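Below is one structure, written out as structure tokens; the observations come after it.
The values are calculated or read from the model by the stated rules, or taken from the named source; none is laboratory data. Bear in mind that the values here come from a model prediction, so they are computed numbers and not experimental data. Here Cβ is always computed from backbone atoms with ideal geometry, including for glycine, and neighbour counts include all displayed protein chains. Side chains are part of the model used for accessible areas, which takes the heavy atoms of the whole protein and leaves out ligands, DNA and RNA. Shrake-Rupley method; radii C 1.70, N 1.55, O 1.52, S 1.80 Å.
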Amino acid sequence: MSATFSKPMSAVRRLAAAHVADSNAASERFFTTYADTIARACHALAARFERGGRLLAYGNGAQRSDVAHVVVEFVHPVIVGKRALPAIGLGASRMLDVLGHPQDALMLLCAGAPTEADRSLLARAKARGMLVLALTGTTSDVDVDFHFPVPSDDPLIVQETHEMLYHVLWELVHVFFEHRAAE
């Protein structure tokens, strides 16, 4: 390997290592801070599914891919024996007005602060009696049942933490189902 090639690569490795360290620190702070809230949200979400509710997920921009990922996680479980759970990705916020029912849950994903359109969506879901979760990148004040702001200004770290969170949400919803079945 030439010396000119190794120098830039070592700088890239340092940047990558710094990103991993920052991401790990943000995730650790997040999950330590919100462990109890996550458990309560999972219990509430499991209750909605038990009543025939669905998970409706919405996000703009880069979060659209996360919306698709959330839906796949819930409707196509990767663990044998786990039941598929109904989930729908909203392609536009106005779809809530057609698809949202009181027994459903809405999950908003945004890397920063919710926009006015996002806030309108959250308010409409609350007015319908839906369970409302907001996964955001800020601690901005939102009127939801469960708010999960990630402590980072880096949208990639926010997205990484959101991804871990919705996997945990899916898994713990199933823990509540299994606990009920064992009772």
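Descriptive notes on the structure:
- Candidate set: segment 42-76, residues that are under 13 Å from Y166 (Cβ atoms) and touching a Cys at 6+ places or on another chain (Cβ under 8 Å); chosen: the one modelled with the highest pLDDT: G59
- Residue check for G52: farther than 16 Å from F148 by Cβ and either among the charged types (D, E, K, R) or more than 20 Å from the chain's Cα centre (by Cα) (or both): yes
- Considering (1) over 21 Å from V20 (Cα atoms); (2) in a helix (DSSP H, G or I); (3) open to solvent by 10 Å² or more (accessible area, probe 1.4 Å); (4) not aromatic (F, W, Y), the lone condition that V173 does not fulfil carries the number (3).
- Of the listed requirements (1) of a type in the set (A, V, I, L, M); (2) more than 17 Å from F31 (Cα to Cα); (3) open to solvent by less than 30 Å² (accessible area, probe 1.4 Å); (4) not in a loop (DSSP other than H, G, I, E, B), V144 misses just one: (4).
- Subset of segment 66-93 [assigned to a helix (DSSP H, G or I) and within 15 Å of M130 (Cα to Cα)]: S93
- Taking the conditions (1) more than 15 Å from H147 (Cβ to Cβ); (2) modelled with pLDDT under 95; (3) touching a helix residue (DSSP H, G or I) at 6+ places or on another chain (Cβ under 7 Å); (4) open to solvent by less than 60 Å² (accessible area, probe 1.4 Å) in turn, I88 satisfies each one other than (2).
- A single entry from P151, P102 fulfils the requirement of being touching a residue at least 24 places away in the same chain (Cβ under 8 Å), farther than 18 Å from V70 by Cα and either in contact with a helix residue (DSSP H, G or I) (Cβ under 6 Å, 6 or more places away or on another chain) or open to solvent by less than 10 Å² (accessible area, probe 1.4 Å) (or both): P151.
- Scanning segment 115-141 for residues that are at pLDDT 95 or above and part of a loop (DSSP other than H, G, I, E, B), we see that the one that is farthest from C42 (Cα to Cα) is R128.
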